[in-house]
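Only the coordinates and a few stated rules stand behind these numbers; no lab work does. Source: prediction; values computed, not measured. Neighbour counts are summed over all protein chains in view; Cβ atoms, including those assigned to glycine, are modelled from backbone coordinates with ideal geometry.
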């Protein structure tokens, strides 16, 4: 995750110390990707080394305050104007699991799919419950709602993909009875015949 | 909490012999007051059959369908029609409003058919339209409304009077994401206010508004999420 660019972007709003940066980040993303303060300070140290931020003194309580440099602003501008790379998809455990489930003998793929669908819809229900009670009064609220929407759309895409896998596997099973998918309903039908 | 809708070991077979299709196989299902239940499944899984049986538009081959404790089979044709007008509200994908009637007239229609005087029916219709946030559109015709507005009218029509069971068949299918969400929010709030709702959908994002999500495959309930209520678990136990 681009903690580096996110922190730089936050510093565009004005100088801040590490703890403030962490809470500002979490306010906008609803703590979906929690940052620990150590990670924030390590990142700030690297940003300083690379000349993207400088220390601009300390507050009354001794917190070191950082501000973004000209080079830092350029980096933020580049980040916002460059699309997120989609060339190397992140490793997707579910896709890998399913790819193996359909090929390794003895796996009940129908159950693998249904259990995942159930779990993903439960997560969707949780996100939806969070969303239901939200009123977007500040830009920070709106930012978190949009992050929540992203989680919702991703979970939905996963369920659609699972539906697709199931339909595809069932068709394959009809065309060649040796194909891997057996759902409980199929099994029931087979014993009935 | 009591079951507004109860399907008990319901089987529905269409056709006979060679062409026999088992649309539902021994399904036990309940929707309680204050609860929104989503039914998901691929086409042909029995979702629509479940909804038509729940609404008394079709009768099961075996098993019982009860609405507010009354077995629909014990009611005659007339009794069922009355039950549909007074206890059950429908929301369809394509709104099904009558184009020649205004919003208020559409909403008042089931009440008037049930013998409520025109003036009182229209007054209740206006209240219902206010509850779905479109009081100012009461005198408009469906053709002069957006899809989202028409679906709001349909929801007002589904809940007007004292109806406790709302049956919704892909109610957001024809709407864009944001309008669809407003409709779900509305459906949800009707259930929070005490109605029981059954939402048939193939979209996970919409099903997620429900308290429970029931999965149908080939006429059988194969799984269920969010069944944290003991009663709900007991109700579905027979079909697991």
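Our helix-only sum for chain A, with -39,500 (n - 2.57) per DSSP H run of n ≥ 4 divided by its residues, gives a mean residue ellipticity at 222 nm of -21500 deg cm²/dmol.
Counting neighbouring Cβ atoms within 10 Å and putting the fewest first, the residues B:209, A:161, A:33 line up as A:33, A:161, B:209. Each listed q (0.28 Å⁻¹) maps to a log10 I(q)/I(0) for region B:35-86 from the Debye sum over equal C-alpha point scatterers, namely -1.15. Here B:166, B:134 are placed in order of increasing Cβ neighbour count within 10 Å, fewest first, which gives B:134, B:166. Helix B:103-113 axis versus longest C-alpha principal axis of chain B: approximately 60°, rounded to the nearest ten.
The antiparallel fraction among DSSP beta bridges confined to the protein assembly as shown stands at about 60%. Taking every DSSP beta bridge that has both ends in chain B, the antiparallel portion is near 55%.
Report the Cα centroid-to-centroid distance between region A:24-46 and region B:166-188 in angstrom, as an integer. Taking the Cα centre of region B:166-188 as reference, the centre of region A:24-46 is 37 Å away. All Cα-Cα distances of chain A, cut into 10 Å bins from zero to the largest, leave 8, 24, 24, 18, 14, 8, 3, 1, 0 percent in each bin in turn. If you look at the Cα atoms of region A:3-81, you get an Rg and a Dmax of 11.8, 37 Å. When the alpha-carbon atoms of chain B are used, the pair Rg, Dmax equals 17.5, 55 angstrom. Distance from the C-alpha centroid of region B:85-142 to that of region A:98-121: 46 Å, rounded to the whole angstrom. Across region B:26-159, Cα-Cα pairs farther apart than 20 Å form 52% of the total. Panel note: the C-alpha atoms of region A:77-147, placed on their principal axes, show extents of 53, 36, 9 Å (largest first).
Helical runs assigned H by DSSP (4 residues or longer) give chain B a calculated mean residue ellipticity at 222 nm of -10500 deg cm²/dmol, each run adding -39500 (n - 2.57) before division by the residue total. Compute the acute angle (0 to 90°) between the alpha-carbon long axis of helix B:177-192 and the principal axis of greatest extent of the alpha-carbon atoms of chain B; round to the nearest 10°. Result, in degrees: 80. As a ratio to 2.2 N^0.38 Å, the alpha-carbon radius of gyration for region B:183-226 is 1.21. Listed from fewest to most Cβ neighbours within 10 Å, the set A:174, B:184 follows the order A:174, B:184.
Taking the square roots of 5 times each eigenvalue of the Cα gyration tensor of the protein assembly as shown, largest first, gives ellipsoid semi-axes of 48, 32, 17 Å.
What's the angle, to the nearest 10 degrees (0 to 90), between helix A:109-132's Cα axis and the longest principal axis of chain A? Long axis of A:109-132 versus the principal axis of chain A: about 40 degrees.
With contacts taken as Cα pairs under 8 Å and at least 6 residues apart, chain B reaches a relative contact order of 29 percent.
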